[in-house]
Every structure is written in structure tokens, then in C-alpha cells.
Amino acid sequence: MLEKALTGKRRYWTWVFFLLGIIGAGFVTYLWQLKQGLSITGMSRDVSWGFYISQFTYLVGVAASAVMLVIPYYLHHYKKFGKMMILGEFVAVAAVTMCLLFIIVDLGQPQRAMNVILYPTPGSILFWDMLVLNGYLFINIIVAWTALGAERQGIAPPLWIKPFIYLSIPWAISIHTVTAFLYAGLPGRHYWLTAILAARFLASAFCSGPAILVLLMLIVKKLTKFDAGKEALQALTKIIAYAMFLNVFFVFLELFTAFYSNIPGHMHSFEYLFHGDGVLVPFMWTSAVLGIISLALLIPSSTRNNVKILVPTLVMLIIATWIDKGLGLVAGGFIPNPLEHITEYFPTGFELMISLGVYATGALILTVLYKVATTVKEEAAT
Amino acid sequence: MENSRRKFLKIAGISVLGLGVKPVVDVVASEEPQKYAPNAEALRGKRWAMVVDTRKCKNDCTDCITACHTIHNVPDIKNPKHEVKWIWAEKYGHVFPGQEHEYLDHSVENRPFMVLCNHCDDPACVRVCPTKATFKREDGIVLMDMHRCIGCRFCMAACPFGARSFNWMDPRPFVKDENAKFPTRMKGVVEKCNFCAERLAEGLMPACVEACKDKALIFGDLEDPSSEVRKILSSNYTIRRKPELGTNPMVYYIV
């Protein structure tokens, strides 16, 4: 089926070569990082994880969110999601691939990455994260590719695929839970040391991931003959509304515990992120305001079901959740440092270029997979 | 054609088999005698620990830092974002956050508090390391295998004492007088205080302890009731950093 990605209109190839250009630039920058060390990033002794690890965390959520299609379709037999299933799973494939790349570019000695397998350490959450992420990638490739192959031949997917589909449900929850455990089990990092972190991660994932998918579906509808269906998108938007509500609610729970208890350690990171002249303060307020506005627009069905309002709403939601998880989360855990000194963090141009390269790789994978899927679907329809 | 392919496969198969058998043969039939034996002079302990007597520590004195950083080839990187440090001075309020108050004794407020790896009994850094590159020895010393470290910096996120440094760049140009007896590091790996494991093995006290003229740093075996650290602990009120986190630090402070 992959050969369908080799024929396309001019528009398709322009996009592919554009992405390849960015990937190339990102790769060259990465070679520079390999030579110079991670000193070309904005990270420091005090803020020892930065943009790479936060992108990884955000994208694990995007990947996990495919389950928001799988559960209604396979467990509740909501057939309207049928057309979108494969496209949702392909988003997961692209997202997990980006996650793995972000881990690799963050390593100080990437050529030793296999040490994680050579010296397996089940006590380390990173070991489990490696297992669940690779497993999830594998499951989604198998499930989506097999289903698409069946669709091309106009037959039902083979029965042996069913266990993989059911397995993908707890597995999706597990990838984001394990990712939250990377943070939530560390003593002395108050911003992360909270039992609700995994739940918060899942809530923000289940609103931001489907939001990205809805926007993708609208783009695909414009560019190809494939239409996910109005009802399906409205149902997915309802899921986004619930998840976003939970996400905002969970943040309020955190704020209550921190500020009503008045325990300094619990308040420090919030104070740093939202108060004073820290570099992240304007971003965090942008996130808070956009988050609240998007939630307010998602709750009434009149604004939620109006595509003209929905698109900016989802864009706001994606920006809000991205800043929260893709910028504030990691920095907030490290600032103030264990000795209560404040070292600011902001990604450098090099760091952003490498990240852009990883995102372009994900976009290229997604483009190729979507090209194949939409072509197969168009052919099957005629 | 057919014949030669079969031949090729046969040889390839036997070769692979041979590769698999060799390590087994090595184990059973290794003739080499033990080349390395522990130094008879080595200091042996069951639970190494340190007491920092902050009353004796003088401002502007950097003897322990210089000794440690010179002996261990710690690079002298000026940019605080990229610096590597094994032992350094902090103010009371930063070492014991939450314990400071505005009426604090001035001598305590202005005194240097030396901080270093606590060689915790239940180290969070060891728990999170995905490759066992950082590990706890039987005598309690938490060590780094610089050749195994992948540079993921999970240990730095886990350490609640900020004791670990990462080599953000190649450290070698920043090492002035290289000590050939101790390895230099490469970029992309984490490092920290090793309680001078290499000196203990030669029967020497840690470099910082030896360098301190004021005897503000005391090192010894916690499980030996007659050791100096035990005597000091039983006759002085001592505190540790962040005991509530359950890592059980092995560096004690007399304030």
C-alpha cells in the first residue's frame, strides 16, 4: 500500500519536500549538538530537562488520545467513528515516533541508548517508558495497517487483530501514566510530586489530542474526498469538552492544595510560573486565559457545533495545553532548584531548530500515512 | 551455485555457533590468574559517612573545594549554567530550606555550609537510573559508571539535593592541571562526589577531609562504634538535609 505515497499532485510533493528541508536543517543542527554537547541548548545544571523532554511529554498525550476513538468504537459500538479510526491511530504512530526522537536528541550520549536494553533496570520508570512506548508504536502500526489493508480489499479486518485493539486501550492509558510516573515519583520536586499528575496528564491528553485530530480531519476534508462525518466530529468535540473540563478542574485542585495548605514548597513553583518577572510568566498566563476561554466556548452546544467558532476554540485549547505541558511543566519542576535558587530556562534557537526537525519528521510520517489512507479510502469508495 | 550456497551457510552456521560457545569456554577454561587484588592498606567500612562541623568552617577558605576539584579533574567552567561541582559552599537557608528565619544568629547566617553528595542510604538517583550507571556500593558509597551513563539526566531530576552535575560540553579543555591518576570525563555524562572511593582504596582519607586544616570535615564508618564520626554524632546535636524525603542522607551537619 505504501506505493500510494509515491504518487501525488504537485501540492503533495511541495509539502513533502518542504518537510524534508526542515528535517535536514534540524538534522544538521543536531549534528552540531552532538559535536558541541547539550551546552547549545538553554538547559543548565539547575534546569536539566527542557524543551525536548517537555515535547516528549506532550506528544505522549497526543499518542495516547487515540484511545478516545477506540473506546467509543470498539467498546460502545459507536459506529460513526469507524471512518476516522485508522487516521486516529496514524496520529498515534507519528506522535510516538516523535516521542522516541525527542528522547534520543535529549541524551548526552545517544550512541549508548541501547544500554537501557543491555542493562535492563525494572526499578527505573524510564525502562518501563521505553517498553510501553515501543509497544504502543508497534500495536498501532499493526492495527491501523491491517485495518487499512482490509478496507482496500473491501473485507472486514481479520479476527486476530481484535486482541491487539483491545490491548491498545489499557496500553494507551499506560503510556501516559508511566510518563507521569517519570515525574510524580521524584522526592523533592513539589510541582511534580502529586498523586493527581497522571490523571492531569490523561485529562490534558484527551482534550488536546482529539483537538489536533479534529483539526486534521477538517484539513483532510478540504484536501481530499475523505470526510470523517459531521456527527463523528461533533461527538469527538463533546469528548474534548469533557476532558478539557476535567483538565481545568484538576489544575484547580492543585492550586487549592498548594495555596490553602500554605506549604511553601507546594506554592513555590506556581508562584514562579505565574507571579513576578520570570520569563515563563506571560506564557503561563496566556495558557490560563486561552484555556478558560476555550472551555467556555466548548461547553455550550451552539458554539461547540459551529465549525467557524470551533476551529479557533480548538487552536486556543491546543496552545493552552501545549504551554502548560510543553513548557511550564518541566521548567516548573526544576525552578526553584533543590537549594531554592532560581535559574531561568528558555530554549535556544538551536534547541528549537532540532525540535522543529523532530516535529517535521512526525509531520512527514503523518503525511505519508494519511496519503496512503485517504487514497485507499477514496479508491474503496468508488 | 546451489552447492556453494550450501557450503556458505554451513560455514556461517558453524561460525555463529563458535561465537556463542566462546564465552562459555572462557568461563570454564579461563587460565588467567587473578591480576588485581585489593590493596591491603585500603580503608574498609560498612557505612561511610561524613560530619560537617559548620562552626569550624571559615569564610573565604576554599581548601576542600580546591583539593577535591583538582584531584578529580573537575573542570573549572565559569558559566553557572554549565558548571560542574562536587563540593561547594551554600548559605544556611539554601541548605536547610524552610529552617531559616529573620532572627537567625548572624554567625550561622554568614557561615559557609559545605554541600556535596549525601551518599544516601536509599538514593533516589540510583532508583531512577535506567542503566545502573549510578549505583550504591556495599559500603554505602553512591558511585557513577561514566562509561555506562547515557546522559538522560533522570538522576539529576531525582536528586533532592542538587548534588549532580552534567557535562554540558567537553570538560577536558577546562581542566588545568590534569591529575593522571584519575580519569577525566567526556561530554554528555553525569558526575558527582564519589566520597573519594579511589583514595579509600589506597588507605587515604577523602581529599576534602585531608585538606581541611580546621578539621571541619570528619569522615568515618557509621557501623564502627569507635569511629570518630560515631563519637561526634553521639556527643553533638546534628541535622541532615531534607530527612523528610526518606533518602537517609549520610552527611550530618553540626550547626
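Things worth noting here:
- A:GLY82 vs. criteria away from every other protein chain (no Cβ under 14 Å), in contact with a Phe, Trp or Tyr (Cβ under 7 Å, 6 or more places away or on another chain) and surrounded by fewer than 20 Cβ atoms within 10 Å (Cβ to Cβ): yes
- Residue check, B:VAL95 in contact with a Phe, Trp or Tyr (Cβ under 8 Å, 6 or more places away or on another chain), more than 13 Å from B:ARG164 (Cβ to Cβ), away from every other protein chain (no Cβ under 12 Å) and touching a residue at least 40 places away in the same chain (Cβ under 8 Å): no
- The lone exception for B:LEU104 - which of (1) modelled with pLDDT of 95 or more; (2) part of a loop (DSSP other than H, G, I, E, B); (3) within 23 Å of B:GLU244 (Cβ to Cβ) it fails: (1)
- Unique match (being under 26 Å from B:ARG47 (Cβ atoms) and without any contact (Cβ under 8 Å) to a residue 40 or more places away in the chain) among B:ASP170, B:ASP145: B:ASP145
- Scope segment A:300-320; condition of a type outside the set (Ser, Thr, Tyr) and out of contact with any helix residue (DSSP H, G or I) (no Cβ under 6 Å at 6 or more places or on another chain); matching residues: A:PRO300, A:ASN306, A:VAL307, A:LYS308, A:LEU310, A:VAL311, A:PRO312, A:VAL315
- Taken together, A:ILE22, A:ILE86 contain a single residue that is in contact with an Asp or Glu (Cβ under 8 Å, 6 or more places away or on another chain) and at negative phi, which is A:ILE86.
- Segment A:153-193, subset over 30 Å from A:ILE292 (Cβ atoms) and in contact with a Leu (Cβ under 6 Å, 6 or more places away or on another chain), residue surrounded by the most Cβ atoms within 10 Å (Cβ to Cβ): A:GLY188
- The set of residues in segment A:294-315 that are hydrophobic (A, V, I, L, M, F, W, C) and either within 16 Å of A:VAL251 (Cβ to Cβ) or buried (at least 22 other Cβ atoms within 10 Å of the Cβ) (or both) comprises A:LEU295, A:ALA296, A:LEU298, A:LEU310, A:LEU314.
- Test result for B:CYS61, in the same structural domain as B:TRP168 (by TED's automatic domain parsing), over 27 Å from B:SER226 (Cβ atoms) and hydrophobic (A, V, I, L, M, F, W, C): yes
- Restricting attention to segment A:164-207, the residues being outside any loop (DSSP other than H, G, I, E, B), within 14 Å of chain B (Cβ to nearest Cβ) and of a type outside the set (A, V, I, L, M) number 3.
- Whenever a residue of segment B:230-255 is more than 14 Å from chain A (Cβ to nearest Cβ) and exposed (fewer than 15 other Cβ atoms within 10 Å of the Cβ), its partners that are of a type outside the set (Asp, Glu) and not in a loop (DSSP other than H, G, I, E, B), lying with C-beta atoms within less than 7 angstrom and at least six residues away or across chains, give the pairs B:ASN236/B:ILE254; B:ILE239/B:TYR253.
- The number of residues in segment B:212-243 being small (Gly, Ala, Ser) and part of a loop (DSSP other than H, G, I, E, B) comes to 3.
- A count restricted to segment A:31-57 and to residues that are in a helix (DSSP H, G or I) and under 22 Å from the mean Cα position of the chain (by Cα) stands at 7.
- Taken over segment A:210-236, the criterion of being within 12 Å of A:LEU69 (Cβ to Cβ) and either touching a Pro at 6+ places or on another chain (Cβ under 8 Å) or outside any helix (DSSP H, G or I) (or both) is satisfied by A:ALA228, A:ALA235, A:LEU236.
- Close pairs from segment B:55-68: first in contact (Cβ under 8 Å) with a residue 12 or more places away in the chain, partner part of a helix (DSSP H, G or I) and among the hydroxyl-bearing types (Ser, Thr, Tyr), Cβ under 9 Å, at least 6 apart: B:ARG55/B:SER107
- Check on B:ALA201, of a type outside the set (Asp, Glu), within 16 Å of the chain's Cα centre (by Cα) and surrounded by 15 or more Cβ atoms within 10 Å (Cβ to Cβ): no
- Among the residues of segment A:100-119, those identified as within 14 Å of another protein chain (Cβ to nearest Cβ) and hydrophobic (A, V, I, L, M, F, W, C) are A:LEU100, A:PHE102, A:ILE103, A:ILE104, A:VAL105, A:LEU107, A:ALA113, A:MET114, A:VAL116, A:ILE117, A:LEU118.
- Here A:VAL62 clears all of (1) surrounded by fewer than 21 Cβ atoms within 10 Å (Cβ to Cβ); (2) out of contact with any Phe, Trp or Tyr (no Cβ under 9 Å at 6 or more places or on another chain) except the condition numbered (1).
- Residue list for segment A:194-236, restricted to those being free of Cβ contacts under 8 Å to residues at least 40 places away in the same chain, under 20 Å from A:ASN247 (Cα atoms) and buried (at least 18 other Cβ atoms within 10 Å of the Cβ): A:LEU197, A:ALA198
- Among helices (runs of 4 or more DSSP H) entirely within segment B:111-211, having at least 3 residues that are closer than 30 Å to A:THR343 by Cα and either of a type in the set (S, T, N, Q) or within 11 Å of chain A (Cβ to nearest Cβ) (or both) singles out B:124-128, B:154-158.
The values are calculated or read from the model by the stated rules, or taken from the named source; none is laboratory data. Just so you know, these numbers come straight off a predicted model, no measurement behind them. Because the Cβ atoms are built from the backbone with ideal geometry, glycine has one as well, and the counts that use them run over all protein chains shown.
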